[in-house]
1. Being touching a Pro at 6+ places or on another chain (Cβ under 8 Å) and of a type in the set (Gly, Ala, Ser) is true for just one of 192, 187, 216. Which residue is that?
2. Quick check: anything in segment 164-185 closer than 27 Å to residue 247 by Cα, assigned to a helix (DSSP H, G or I) and of a type in the set (Lys, Arg)?
3. Return the residue satisfying two criteria in turn: it lies in segment 348-366 and is part of a helix (DSSP H, G or I) and free of Cβ contacts under 8 Å to residues at least 40 places away in the same chain, and of such residues it is least open to solvent (accessible area, probe 1.4 Å).
4. What is the number of the single condition among (1) part of a helix (DSSP H, G or I); (2) over 21 Å from residue 369 (Cα atoms); (3) without any contact (Cβ under 8 Å) to a residue 40 or more places away in the chain that residue 324 does not meet?
5. Tell me which of these residue 63 doesn't satisfy, since it passes every other one: (1) over 24 Å from residue 139 (Cβ atoms); (2) surrounded by 20 or more Cβ atoms within 10 Å (Cβ to Cβ).
6. Taking residue 48, is it closer than 17 Å to residue 79 by Cα, in contact (Cβ under 8 Å) with a residue 12 or more places away in the chain and touching a helix residue (DSSP H, G or I) at 6+ places or on another chain (Cβ under 9 Å)?
7. Taking segment 152-167 as the region of interest, how many residues are open to solvent by 10 Å² or more (accessible area, probe 1.4 Å) and in contact with a Ser or Thr (Cβ under 9 Å, 6 or more places away or on another chain)?
Amino acid sequence: VLQLLRGVQRGSEDRKSSLGRLRWALQNKETQQKFVRLDGSIRTLIGLFTSSLADMQMEAARCLHELSHSSHPAVAEACLPVTSYLLTYLSGHSVEFTELCLYTLGNLVVESEAVRKQLLPQGIIPVLASCIQSPHEAVLEGLGYVLSQLLQAKEAPTEIVPLVLDSVLPQHMLRLVCSGLKAGTGAAVEFAWCLHYIVCSHTANAVLLSLGALPALTSLLLDMASEIPQDAPEGLELLVCPVLRCLSNLLAEETGCEGQIQDERLLIALFLILQSFFRQHPFIVQECLWLLNNLTADEPFFCSALLSLDLLPALLQLLPCSQMAGVLVLTVLCNIAEKGPAYCQQLHRQPALPLLLPALALPDPEVVGQCLELLHLLFLHCPEAAADFVRQGGHRALEQHQSTPELQERVRALLDMVGQPLGATTFGSCHAALSAF
């Protein structure tokens, strides 16, 4: 490594060759650490990186990019002097060179808080904002990568998100995400995750809502659902996931924004996505169910639509998919049951009870606990459901959990409720058991 560095420093005829060999050597973690400890190593690379010789400049950029992959803090901090030049060259003439600079920046900000603290005063956010109008997909994808790394930093909610919100980035990110089906999906995926991280900071939702994020992302989800039965673009699930999360998190805020998207097509889109992805990409099931949970949590419209569109059988089929899927399906059913007697009677008319009995037999206390909550709501608002439950042997399934410490009080309360003869299970007697829940 020392010989290669000296070959580069001497400016001999084979300097480019030495630089190329140095780049390959810097793929090794130990070599990276040894290189930055050599006197003048980074200074030499910066000199070539800022030179007027385009081929030397590109090779030096590749060497710096290899160094940026290091997870060792000393390597990232040794690269601190190059950050201002990386920002300057983002407006370079070569797409490949700009892309290299972006990914080098992205790698450095992941590993070092010192690098992030230096880049913010240097104006990294305004510089990135100026790049987002680029017509090149490769540049946009690299830009999305840098932003996503910045927005995941621990100081992002207080120091980075406010700067991003004050720039033109959010509206352009939203536009690029929503055009992801027509253009390449790489940049759209990166920016969708950026929007997700911004929403998770809980300081930006008002801004995103004012930009029309909710209807825009809903429309994108409808478009994606309609694309799936045909030849969907490769990697579409990578775009679906952050879009689902953004919508879920926006709806989770107490903004009343669920009223802005009273569109039953959203439910159909969710179930189309579930149907298409649950075998090859089962993680999408959980994301869809989180969104369905947030849609039905407070809003009767989506509870009614779920029942009127006859989507309940498809929802119940997801119960055995996984532990988390089971909990979320039961939570959605609880959201519906909480809306009162009319909803509980519809649940009772659907084949809900026979499918709940196997759920009660599961060894998972969280699934069983959510199942008990649902049964309580059904028995409370629909007394005939309690009688049917007993006729189907449900009380025996309940008795299996009487010795489980975290469940026994609720089990006992339910057994009290189903112990009443039909017609005597009034709201008064049910409320006597309510405190257990």
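1. Exactly one residue qualifies, and that residue is 192.
2. The answer is yes, given that some residue of segment 164-185 is closer than 27 Å to residue 247 by Cα, assigned to a helix (DSSP H, G or I) and of a type in the set (Lys, Arg).
3. 356
4. It is condition (2) that residue 324 fails.
5. Here residue 63 clears every test but (1).
6. Judged against the criteria, residue 48 is a match.
7. So the answer is 4.
Every residue, every condition in (1) modelled with pLDDT of 90 or more; (2) among the aliphatic types (A, V, I, L, M); (3) open to solvent by less than 30 Å² (accessible area, probe 1.4 Å), yes or no:
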{"residue": "176", "(1), (2), (3)": "yes, yes, yes"}
{"residue": "183", "(1), (2), (3)": "no, yes, no"}
{"residue": "203", "(1), (2), (3)": "no, no, no"}
{"residue": "231", "(1), (2), (3)": "no, no, no"}
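The values are calculated or read from the model by the stated rules, or taken from the named source; none is laboratory data. All figures in this text were calculated on a predicted structure; none of them were measured in a lab. Here the Cβ is made from the backbone with ideal geometry for all residues, glycine too, and neighbour counts use every protein chain on show. Note: areas computed on protein heavy atoms with side chains; ligands, DNA, RNA excluded. Shrake-Rupley method; radii C 1.70, N 1.55, O 1.52, S 1.80 Å.
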